[in-house]
Amino acid sequence: MSSDRSRPLGPPQDLQSIGRAAIAAVSPEIALRRKLHIEGRALTLGGRRIRIPEGGRIHVLAVGKAATAMARAADVLLGDLRGRGLVITKLGHSEPLAGFAVLESTHPVPDARSLAAGARVSAFLTELPIGEPVLVLLSGGASALMAQLPANIRTEDLAELTSLLLRSGADIREINTIRKHVDALKGGGLARFLSNREVACLALSDVVGDAIDVIGSGPLAPDPSTFAQAILVWEKRIGLTNGPQNILDHLREGCAGRRSETPKPGDGLFEKVTNQIVASGRDALEAAAAASLQIGFKPLVLTSTLTGEAREAGGFVASVAREILDLGRPAPPPVCLLWGGETTVTVRGHGRGGRNQEVAAALAQALSGRAGWRALCFGTDGTDGPTDAAGAWVDGSTELRALESGLSIRAALESNDTYSLLERIGALFVTGPTGTHVNDIGILLIEETVRNRELS
């Protein structure tokens, strides 16, 4: 790619420093040290004390996009108390860890590697010494990375359904409601392999509201959802005549009582299970607010629970920014607007992009030509949709730079091809795998009130 004035090298330093502060605050090293305490041969977390038998060890299973970093952090904390270890993570997110078996799998659409990982997990847990506790480290992506399907459902069926749901605009709670009623490891199913032993599950939350039964499809959490609700999601998002009908038949059999429901709250299966969230998007937003204050911007957190269509979310944030730019309210500049959550994209085109890239593009379109602002939108895991970018940065000149390159933001949004446009003008934010995974983060800096001022 040639270099010219329409292609800056990356986000401005102030945006980068705030963004990286947010990511650092939810690193597994910091999160686990804050929540997990070791005293002699006992672990204390969430008000519960888990004792390791004399001569025994605590075994570690880490699953998710942040699994490698979480396992490494736990290894440091546990020291000689750690026994066997297994890591299941996304392709490209692993590294060798002494004493751990490390397996890469696929995300966001499962394939044969997901089934192999699921079999490896169940074998690992059933072969552990009787009575010795297990530490499960859970992060986003676990739903796709491991799977265990009934005989009547093929991997290809699950992949087709997952792709349809991801393109439909379904949120993660809806998608996981179906997953939990198809996959034996989800919706509390993993607990069946851990009966009669103490289990601590520490999770990085990548879901709005931090519901433990939604993170990674809640492998160790009671499931409040039902087969009937799974069918309602199917009908709402893709229509009952679409998608693999053998999976829909499976759900209908569950509704009719011919298949067992997922374990519910109060089930004795969870008597020895402790679930604890160790970090979430709220922690990242607090760190971003502190970092913005240090460089002279008053932080204003709009929300930590932003959902809905990505481009509409961008329009909402733009309306707040416009009010500050024009009238200096609800807070006068210099201001740092912050938001977190997980938007969705209803895919209608055939391009490449991600929800953060669509939020950024919508911001650039809504505030095109306006001076005095710049924004960064990104996924804290370092990926945004099926791309190698974490997200993108934009300002009042973004649309003009796109037009000078022969590109249209409107057309890119309509074809879901924001990645190509943002890459062309040097507006992508590329971090590589960060080792953590909480909600998406948005940062918008406003330096001054500039009513009616346009870029020259």
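The values are calculated or read from the model by the stated rules, or taken from the named source; none is laboratory data. For clarity, every value in this text was computed on a predicted model and none was experimentally measured. So basically every Cβ, Gly included, is an ideal-geometry build from the backbone, and we count neighbours across all protein chains shown.
Test LEU97 against the stated conditions and say whether it is within 27 Å of the chain's Cα centre (by Cα) and either within 26 Å of LEU166 (Cβ to Cβ) or outside any loop (DSSP other than H, G, I, E, B) (or both).
No.
Considering only the stretch 342-375, state which residues are of a type in the set (D, E, K, R), assigned to a loop (DSSP other than H, G, I, E, B) and within 22 Å of SER280 (Cβ to Cβ).
GLU342
What are the residues in the stretch 402-422 that are in contact with a strand residue (DSSP E or B) (Cβ under 9 Å, 6 or more places away or on another chain) and either more than 22 Å from THR346 (Cβ to Cβ) or without any contact (Cβ under 8 Å) to a residue 40 or more places away in the chain (or both), if any?
none
Being assigned by TED's automatic domain parsing to the domain that holds PRO53 and surrounded by fewer than 17 Cβ atoms within 10 Å (Cβ to Cβ): is that true of GLY131 here? So that I can check it myself, show each step before the final result.
Details: assigned by TED's automatic domain parsing to the domain that holds PRO53: yes; surrounded by fewer than 17 Cβ atoms within 10 Å (Cβ to Cβ): yes.
When the stated conditions are applied, GLY131 passes them.
In the set GLY257, GLY169, GLY268, GLY216, which member is in contact (Cβ under 8 Å) with a residue 24 or more places away in the chain, surrounded by fewer than 22 Cβ atoms within 10 Å (Cβ to Cβ) and of a type in the set (Gly, Ala, Ser)?
Within the list GLY257, GLY169, GLY268, GLY216, the selection yields GLY169.
Condition check ((1) at pLDDT 95 or above; (2) in the same structural domain as VAL63 (by TED's automatic domain parsing); (3) touching a His at 6+ places or on another chain (Cβ under 6 Å); (4) buried (at least 24 other Cβ atoms within 10 Å of the Cβ)) across all residues:
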position: ARG374; (1), (2), (3), (4): yes, no, no, no
position: PHE378; (1), (2), (3), (4): yes, no, no, yes
position: ASN416; (1), (2), (3), (4): yes, no, no, no
position: SER420; (1), (2), (3), (4): yes, no, no, no
position: LEU455; (1), (2), (3), (4): no, no, no, no
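Regarding the stretch 67-87, can at least one residue be identified that is assigned to a strand (DSSP E or B), in contact (Cβ under 8 Å) with a residue 60 or more places away in the chain and crowded, with 19+ Cβ neighbours inside 10 Å?
Among the residues of the stretch 67-87, not one is assigned to a strand (DSSP E or B), in contact (Cβ under 8 Å) with a residue 60 or more places away in the chain and crowded, with 19+ Cβ neighbours inside 10 Å, which makes the answer no.
Please work out which residue is farthest from ILE38 (Cα to Cα), limiting yourself to the stretch 118-156 and to residues that are β-branched (Val, Ile, Thr) and out of contact with any strand residue (DSSP E or B) (no Cβ under 6 Å at 6 or more places or on another chain).
Of everything passing the filter in the stretch 118-156, ILE153 is farthest from ILE38 (Cα to Cα).
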